[in-house]
């Protein structure tokens with residue numbers, strides 16, 4: 001900012017001044033956008049900690065006059081929806097979904113990327129074809145299959161059909177294609193099998209990518225709605241998203257309870273996000289694409 | 001065993017099969033390993049993706065109500081019925097309108113955010129997090145906030161409170177298709193949820209643009225700002241833009257959660273998946289017709305994806321990387 005010194009920089013004074021103004025403008029624009037992005041989060045917290053009369057009151061209040069900490073337990077005591085059970089179901093489904101997908105898809109991705117086989121490309125095209133078909137379009141035929149297996153309302157039905165993600169396999173393949181070959185070759189020369197090289201060399205050196213994929217997969221498992229809605233016909237097999245959705249169709253609207261339940265459903269992921277942010281961003285940037 | 005024969009180069013004839021044998025066994029070994037690594041995934045893919053698709057195509061030619069086993073062959077009647085159903089064809093129109101709104105707006109917003117964040121000198125990580133964090137929220141939760149707190153049709157909703165400050169009457173955002181304010185609700189929700197994710201892709205791409213390009217441009221007299229953006233940044237982001245647009249289109253096809261939760265019982269603004277859900281799993285439980293709808297939708301998506309890939313040259317950017 002002290003540009004008046006008679007140095008012979010390439011930047012003339014006018015330009016520097018413009019840069020300061022430009023920077024202020026930049027920060028104002030970014031700040032306003034950031035505030036808009038934070039409003040929905042704020043509303044959840046605000047509504048979750050207010051009383052219903054205050055939420056629906058005539059005058060808009062940015063802050064609760066009296067923070068209702070007691071609201072926290074309310075979703076768990078609610079008779080109409082078994083919120084605790086739904087949380088547990090989501091937890092089980094998301095954890096098994098994530099570990100299953102990581103195992104199955106990383107193996108397949110590695111095989112497709114690194115193990116020489118004459119028809120590997122043809123197999124890969126078979127996987128690519130499934131990428132073109134949005135998974136959501138297949139829910140009718142998948143439901144038909146799963147219900148004829150008798151898996152409706154079961155963890156099996158919730159988890160297993162989702163494990164074979166062409167997209168995750170594709171991402172792992174792309175990642176392994178870029179994995180330094182020398183490391184594996186050294187391991188192979190040392191007498192390790194493909195299997196040994198994979199577990200002892202490739203996986204330990206890919207933990208960043210695995211962590212990023214785990215986070216992304218966990219989030220999509222936790223947040224998925226259509227399939228759990230289709231499969232969870234009995235309320236005891238509802239996941240958290242189906243439970244939240246059911247609040248919206250309930251006849252009595254209990255605002256603070258609904259928002260407290262929403263807050264509780266979002267909190268674990270927010271924490272994961274904040275802590276794994278760096279990995280996640282790197283992982284997404286590394287994969288290039290992810291829908 | 002093979003090491004000893006390998007050295008024996010004097011006799012060409014027996015050396016040939018001897019040489020080939022270890023290579024063949026190595027190949028057999030890798031073929032076996034290939035299948036060991038990929039078969040858990042491939043078998044699952046066949047059972048849970050290909051078989052249902054095939055079954056669906058088969059089922060779409062049969063009468064199958066309230067049962068998943070076909071009863072009577074009816075040819076193309078299911079196709080005729082679902083194409084005659086104004087709700088289904090209307091849903092295709094809804095999707096088109098939705099995609100026409102959401103794809104360009106998300107593209108522009110996520111690129112805009114990326115350009116902002118990219119230029120920041122301090123608190124960069126903070127702002128990146130703020131825009132990225134909505135990605136963690138589910139469509140159901142977001143729909144809940146949008147429907148019950150922001151675009152609530154009554155006085156205490158945030159949107160109505162804000163427009164109230166300017167003396168504008170309460171608006172029923174979702175309860176009325178005319179004027180179609182519900183589009184504003186749906187588009188803003190999706191923008192909030194997904195813009196941060198695509199921003200990350202753009203940020204990564206922006207970081208990969210070589211600084212020399214900008215230096216060269218400034219020597220050539222290009223003004224920083226619109227000119228460099230138009231002639232350097234935008235062309236350099238081409239591959240990412242293409243991927244983003246394709247992903248946005250695919251994501252738009254999958255739209256279900258927020259429509260279901262925002263407009264569940266409404267008769268307007270229903271995308272194809274909601275209609276399919278209602279046909280196959282709603283009161284009529286018509287799996288035959290639902291399957292026919294799924295087939296039609298899949299074909300449409302394939303055509304559009306291939307077409308779009310062709311014009312935008314999807315994958316071309318990847319090759320050059």
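The values are calculated or read from the model by the stated rules, or taken from the named source; none is laboratory data. Remember, it's a predicted structure, so these values are computed and weren't measured experimentally. Positions of Cβ are generated from backbone atoms using ideal geometry, with glycine treated the same way; all protein chains shown enter the neighbour counts.
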Can you tell me which residues in the stretch A:237-255 are away from chain B (no Cβ under 11 Å) and either farther than 21 Å from residue A:139 by Cβ or outside any helix (DSSP H, G or I) (or both)? A:238, A:250, A:251, A:252
Would a scan of the stretch A:258-268 turn up a residue that is in contact with a helix residue (DSSP H, G or I) (Cβ under 7 Å, 6 or more places away or on another chain) and farther than 24 Å from residue A:52 by Cβ? no
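Residues are listed down the side, and each one gets a yes or a no for (1) at the interface with chain A (Cβ under 7 Å from one of its Cβ atoms); (2) touching a strand residue (DSSP E or B) at 6+ places or on another chain (Cβ under 9 Å); (3) surrounded by 17 or more Cβ atoms within 10 Å (Cβ to Cβ):
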| residue | (1), (2), (3) |
| --- | --- |
| B:74 | no, yes, yes |
| B:108 | no, no, no |
| B:120 | yes, no, no |
| B:130 | yes, no, yes |
Sole exception among (1) touching a strand residue (DSSP E or B) at 6+ places or on another chain (Cβ under 7 Å); (2) free of Cβ contacts under 8 Å to residues at least 12 places away in the same chain for residue B:286, by number: (2)
Residue under question is residue B:293, and the condition is that it be in a loop (DSSP other than H, G, I, E, B) and either modelled with pLDDT of 90 or more or more than 7 Å from every other protein chain (Cβ to nearest Cβ) (or both); does it hold? no
Residue list for the stretch A:107-149, restricted to those being more than 7 Å from chain B (Cβ to nearest Cβ) and modelled with pLDDT under 85: A:129, A:131, A:135, A:139
The lone condition residue A:271 fails out of (1) within 21 Å of residue A:159 (Cα to Cα); (2) at pLDDT below 90 is (1)
So how many residues does the stretch B:222-246 have that are outside any helix (DSSP H, G or I) and away from chain A (no Cβ under 14 Å)? 1
For residue B:195, are the conditions met, namely being facing another protein chain (nearest Cβ under 9 Å) and farther than 30 Å from residue A:229 by Cα? no
Can you tell me which residue in the stretch B:280-290 is nearest to the chain's Cα centre (by Cα), limited to those that are closer than 17 Å to residue A:233 by Cβ and more than 7 Å from chain A (Cβ to nearest Cβ)? B:282
So how many residues does the stretch B:154-210 have that are loosely packed, with under 15 Cβ neighbours inside 10 Å, in a helix (DSSP H, G or I) and in contact (Cβ under 8 Å) with a residue 40 or more places away in the chain? 1
Name the single residue, out of those in the stretch B:247-258 being more than 8 Å from chain A (Cβ to nearest Cβ) and more than 17 Å from residue B:203 (Cβ to Cβ), that is farthest from the chain's Cα centre (by Cα). B:258
Considering only the stretch A:189-205, how many residues are more than 10 Å from chain B (Cβ to nearest Cβ) and either surrounded by fewer than 18 Cβ atoms within 10 Å (Cβ to Cβ) or within 13 Å of the chain's Cα centre (by Cα) (or both)? 10
When the stretch A:47-80 is examined, which residues are found to be without any contact (Cβ under 8 Å) to a residue 24 or more places away in the chain and surrounded by 19 or more Cβ atoms within 10 Å (Cβ to Cβ)? A:54
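Listed here are the residues, each with its yes/no results for (1) touching a residue at least 24 places away in the same chain (Cβ under 8 Å); (2) closer than 22 Å to residue B:251 by Cβ.
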| residue | (1), (2) |
| --- | --- |
| A:192 | no, no |
| A:213 | yes, yes |
| A:218 | yes, yes |
| A:224 | yes, yes |
| A:234 | yes, no |
| A:250 | yes, no |
| A:264 | yes, no |
| A:271 | no, no |
| A:284 | yes, yes |
